[in-house]
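Trainee: So that we are looking at the same thing, I have put the structure below in structure tokens.
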Amino acid sequence: MSVQETKTKLEDRQVNVKTKLALLWVALMFLYIYNDIFSIYQPGHVADLLDGHIEGVYFTQEMLIGAVLLMAVPSIMVLLSVTLKASIVRWLNILVGVFQLLVLLGTQFVGEGETWIYWRIYEVLEAAFLAFIVWTAWKWPTYTE
């Protein structure tokens with residue numbers, strides 16, 4: 001009696017670009033959220049928040065509305081990335097990704113005080129995810145009919 005040898009391979013399917021973009025936006029949101037959560041553990045951070053400011057930036061209605069609009073974008077992009085037409089999704093991800101990246105870079109010069117290393121690590125990861133979103137949308141595979 002001979003023993004038959006069978007080889008098995010893990011199936012490695014290609015992920016749909018729309019799905020990939022939506023997942024990148026979800027991952028980016030987790031980075032944003034955990035960065036803010038970890039900030040709570042910095043000495044004096046909670047006291048400053050309770051006083052209505054952080055690193056010299058005071059909270060106003062307008063600033064918080066701006067923050068809401070800015071942080072709602074990744075959530076909305078998850079939905080739009082999987083529901084809109086591919087041609088729209090491609091350009092929307094490029095434009096919104098570049099915009100979010102510019103905002104991230106622009107916020108490097110806001111506030112005062114010491115910036116902790118974990119914060120910089122998160123910012124590098126956030127920038128990398130945004131760059132990957134833009135790159136993924138830019139390199140979207142096409143075909144001819």
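The values are calculated or read from the model by the stated rules, or taken from the named source; none is laboratory data. None of these values were measured; they are calculated from a predicted model. Glycine also receives a Cβ, built like all others from the backbone with ideal geometry; neighbour counts cover every protein chain displayed. Note: areas computed on protein heavy atoms with side chains; ligands, DNA, RNA excluded. Shrake-Rupley method; radii C 1.70, N 1.55, O 1.52, S 1.80 Å.
Trainee: Once the Cα gyration tensor of the stretch 83-145 is diagonalised, what are the square roots of 5 times its eigenvalues, in whole Å and ordered largest first, as equivalent ellipsoid semi-axes?
Mentor: The answer is 32, 11, 7 Å, longest axis first.
Trainee: Given the convex hull of the Cα atoms of the stretch 1-62, what is a quarter of its surface area in nm²?
Mentor: Computing the convex hull of the Cα atoms and averaging its projections yields 9.7 nm².
Trainee: Just subtract the alpha-carbon distance of VAL124 and VAL15 from 0.36 nm times their residue separation and send over the number in nm, one decimal.
Mentor: Additional length available on full extension: 36.7 nm.
Trainee: Could you work out the longest stretch of the chain that avoids the trypsin sites (Lys or Arg not before Pro) located in DSSP loops with at most 10 other Cβ atoms within 10 Å?
Mentor: Between exposed loop sites, the widest span is 14-84.
Trainee: Now, a different point. Using 0.36 nm per residue of separation minus the Cα-Cα distance, give me the extension gain between HIS53 and TRP138 in nm, one decimal.
Mentor: 26.7 nm
Trainee: Quick one: accessible surface of ILE117, probe radius 1.4 Å, all protein chains present, in square angstrom to the nearest 10.
Mentor: Solvent-accessible area, nearest 10 Å²: 120 Å².
Trainee: GluC sites (Glu not before Pro) within the stretch 76-126: which are DSSP loop residues with at most 16 other Cβ atoms inside 10 Å?
Mentor: GLU112, GLU114
Trainee: Kirkwood hydrodynamic radius of the stretch 11-106 from all distinct Cα pairs, in Å?
Mentor: 15.4
Trainee: To the nearest 20 debye, what is the magnitude of the charge dipole of the stretch 30-134 about its Cα centre, counting +1 on the Cβ of each Lys and Arg and -1 on the Cβ of each Asp and Glu?
Mentor: Charge dipole, the stretch 30-134, about its Cα centre: 680 debye, nearest 20.
Trainee: Farthest toward the dipole's positive end in the stretch 26-135, which of MET29, TYR58, TRP135, given Cβ charges of +1 (Lys, Arg) and -1 (Asp, Glu) about the Cα centre?
Mentor: TRP135
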